Each structure stands twice: as C-alpha cells, then as structure tokens.
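Values in this text are rule-based calculations from the coordinates and carry no lab data. Keep in mind the model is a prediction, meaning the values are calculated, not measured. Neighbour counts are summed over all protein chains in view; Cβ atoms, including those assigned to glycine, are modelled from backbone coordinates with ideal geometry.
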Amino acid sequence: MGRWRRVLTALAVVGLVVVGAPMTAQAVDCAGVTVVVDFRSLGGGVQTGCAPGDPSSGTTALTAAGFGYTFASRQPGFVCRINDKPSSDPCVNPSPPTAYWAYWHGRPGASWVYSDTSASAYDPVPGSAEGWSFGGGEQPGVAPPSSETAPSSGASSSSSATPTSTTSVAVEPTAGTSSGGAVGLVVGIVVIIALAGLGVWTARRRAKAAE
C-alpha cells in the first residue's frame, strides 16, 4: 500500500506542476511591434495585434494594432480604457491601483518588464512586444510572443479606433505538453483521481487501525 501511496502522490504533484506551468504565445506574423492585451479579468481573453513598422509611441502601437483607448480627462496620458473597457470607469481621474491597465514591455523569449514610462512617451523598438493587462498590476497572461517578419496591416491611429485586425493569442504550455483546453482537462482529471485515490487509501488505513 505504501507503494501505491507514493505513486498517487507523485501523480498529484505532476498534475499540479503542469497546471501551473507558464503559458507562452505562439509566433505572430508581425513586421513591427506586437501588442498583447489581456482582457481576462474583464470577462474576455488575451488578444494580440500588430503595429506595422516603427510606431512612435506605445499608444500609437496600441491603435495601429487595432485597439482603441481612452485617456483620463484629468490626467492626459493615463490610459483608463482599452476598447471601451472597463465601461464602469468614468475616465475622469486615474484608475485605482487595484483596477487599472498595467503597461509592459517585452522581448521574444524574455519576461515582461513593467513600464516606468507612460505609453504616450515610450518609443517601442520594432521586433519587441507591448503588453497591457487589466487588474492590480499583473503581467499579461502569455509570455511576449516571437515575431515573424511578415507584412501585416493595422487599424486607424486615432484614440477612438475600432479594432479591425486583432486576433486571439494561441497559447501552449512551456513544460513540453500539447496546447489547448484538452490538456488542462486531462491533467485536472488525473489530479482529481490521484487525490481521490489517496483519500480512499488513507480512510481505509484509519479504519483498519481503529479495529
């Protein structure tokens, strides 16, 4: 029985490790700056777009990639909404630190770095990635995607632009597993079975000890 206990425990640990593995975005066809916007805390998903060429600022890249944005009226330069989200923010004063659009920079194969410069003042380098994530300062849910040099068209550069070329980011675990929701489902089932088996074994052992 001790052998089975060790096996079940190992399965549970492996399942939890795989579930918690970081996600990385697949390569994006972008001859310019890749823009990743994470709407998950607002009920959406992670979207990506391409700002062709060499955009002059982070906000220029944002709109060129197909995302509209709004500044707080009392603090120009502070992005309070992207694609009119969150609609609950009146965009008068800067958003609170627990519910705002965090701005990040990234390089393919590297981690996100929190920006210490406003998006309107930052000049992104072609081949780099720009990240936006709504919440309490969390980084985007996918790693900076690698860029492939392929032409891509962007949207209007006005702050009220309607997104026309954004797409959902395809993600895959970096721990050597296949991508997609099926992986999470299978791993979740394995974890549940392992923990259930461990619980049954423990209950039986306690019952025998009480006899």
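A few remarks follow.
- Likely footprinting exposure, T59, T98, T117, T70, fewest C-beta neighbours within 10 Å first: T98, T117, T70, T59
- Counted by neighbouring Cβ atoms within 10 Å, the residues R107, R74 run from fewest to most as R74, R107.
- Nitroxide proxy distance, nm - points 7 Å out along Cα→Cβ at N93 and R107: 3.9 nm
- A121 versus D84: modelled label distance in nm, points set 7 Å from Cα along the beta carbon direction: 3.1 nm
- The fewest-to-most ranking of Y103, Y69 by surrounding Cβ atoms within 10 Å reads Y103, Y69.
- For S118, distant residues with modelled amide H under 5 Å away: none
- Annotation: amide H of G127 within the under-5 Å range of G32, V33, T34, sequence separation 5 or more or interchain, hydrogens built in the peptide plane.
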